[in-house]
Amino acid sequence: MYLLPFPIIGGLLAWATIYFLGFEKQRWGEFALGLAAFFIAMIIQNPVQQLPLLGMGIKSNADVIARGTAFTIGVSIWLGLIAGIIQEGAKYLLVKGKSLNTGLFLGLGFGITEVFIIAGAALAGALATGKPLDVPLSTALISMVERYFVVLFHVGTGIYLAYAYREGYGKTGLMAMIGIHTVIDSMAAYYQLTKSAPVMYAVEVISALVALGLLYYTIPKAKLELPEEEEALW
């Protein structure tokens, strides 16, 4: 089964879910701001994650695994923590003082951008190595479900961060989102390093539960907002 369409379909299904939850009017300014936030976060995140590892002579996943289980867990936590701090921090800086709908579409833009960057990177890797992107159907479906819930996770965190700031506990809310993001991304990093199937399934289940929980809490609050026109922060 050709992998590439499946994560894209997952992201688009998440977008459709938001649409059918009552957010028919697209806020393209905030969506584009989410796109920009993703690239800003990645520009900062990747060097911060990788430079300390390169300084220790770590150049591949195999180098990490060769240093033992404790080191692998430590690296996974490091990667997840930095991702949580930078990604949620970028969202927070851009939604503080803004409406919950701004948070929603910024998170949507962030998540959809990530989908297409991942798909593009997979395609570029396949073209560079000559290896086909054929995977078992189960793997393709898992990639679709994963992207579906990851996009919804970014939507939920975007709304939650805007709501927490409005209610006066923005920094506490930010710490909570960083903590949740760290747990999920640390487990995902551990799976990428070890290819442990149980960890992969645990990540999928936890991501789904967190995304659904965030939406259950935040979507009703966002729907209560009166329609208003806001300019995106640039």
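Counting only protein heavy atoms and a 1.4 Å probe, tell me what percentage of region 54-138's accessible area is made up of carbon and sulfur.
Carbon and sulfur: 70 percent of the exposed surface of region 54-138.
How much of Asp185 can a 1.4 Å solvent probe reach, expressed as accessible area in Å² and rounded to 10?
50
Mind checking the full-extension length gain between Ala128 and Tyr19? Use 0.36 nm per residue of separation minus the Cα-Cα distance, one decimal, nm.
35.6 nm
Output wanted: per-residue J couplings in Hz (rounded whole) for region 40-53, from phi through Karplus 6.51 cos²θ - 1.76 cosθ + 1.60, θ = phi - 60°, x for Gly and Pro.
With coefficients 6.51, -1.76 and 1.60, one gets 4, 4, 5, 4, 7, 5, 4, x, 4, 5, 8, 4, x, 5 Hz.
Given a cut-off of under 8 Å on Cα pairs at least six residues apart, what relative contact order in percent is computed for region 162-226?
17
List the relative contact order of region 4-221 as a percent without decimals, with contacts defined as Cα pairs under 8 Å and 6+ residues apart.
Reported as a whole number, the value is 33 percent.
Suppose only helical runs count, i.e. DSSP H with n ≥ 4. What mean residue ellipticity at 222 nm does that imply for the chain under -39500 (n - 2.57) per run, divided by all residues and rounded to the nearest 500 deg cm²/dmol?
It comes out at -28500 deg cm²/dmol, rounded to the nearest 500.
So if I take the centroid of the Cα atoms in region 102-179 and the same for region 180-224, what is the distance between those two points in Å?
So the two Cα centres are separated by 10 Å.
Report the accessible area of Leu137, computed with a 1.4 Å probe over the heavy atoms of all protein chains in place, in Å² rounded to the nearest 10.
The value for Leu137 is about 90 Å².
For region 29-34, just list the computed ³J(HN,Hα) in residue order, Karplus coefficients 6.51, -1.76 and 1.60, θ = phi - 60°, integers in Hz, with x standing in for Gly and Pro.
Coupling constants for region 29-34: x, 5, 4, 5, 5, x Hz.
Taking the Cα centre of region 4-221 as origin and charging only Cβ (+1 Lys, Arg; -1 Asp, Glu), how large is the dipole, in debye to the nearest 20?
340
At Ala121 and Ala66, where each label point lies 7 Å from the Cα along Cα→Cβ, what is the point-to-point distance in nanometres?
Going from the Ala121 label point to the Ala66 one covers 2.3 nm.
Return the lysines within reach of Lys59: Cα separation strictly under 29 angstrom, same-chain partners fewer than 8 residues apart disregarded; answer none if there are no such residues.
Cross-link targets: Lys131, Lys195.
With a probe of 1.4 Å, find how much accessible area the chain has per residue, and write the answer as a whole number in Å².
49
Summing +1 for each Lys or Arg and -1 for each Asp or Glu, what net charge is found among the other residues whose Cβ lies under 14 Å from the Cβ of Gly170?
Residues near Gly170 contribute +3 overall.
How many nm is it between the label spots at Ala202 and Leu224, if each spot is 7 Å from the Cα in line with the beta carbon?
3.7
Hey, with R₀ at 22 Å, roughly what FRET efficiency would Tyr217 and Gln26 work out to, going by the Cβ-Cβ distance, to 0.05?
0.45
The values are calculated or read from the model by the stated rules, or taken from the named source; none is laboratory data. This is a predicted model, so every value here is computed, not measured. Glycine gets a Cβ as well: all are built from the backbone with ideal geometry, and neighbour counts include every protein chain shown. Accessible surface areas use protein heavy atoms only, side chains included; no ligands, DNA or RNA. Shrake-Rupley method; radii C 1.70, N 1.55, O 1.52, S 1.80 Å.
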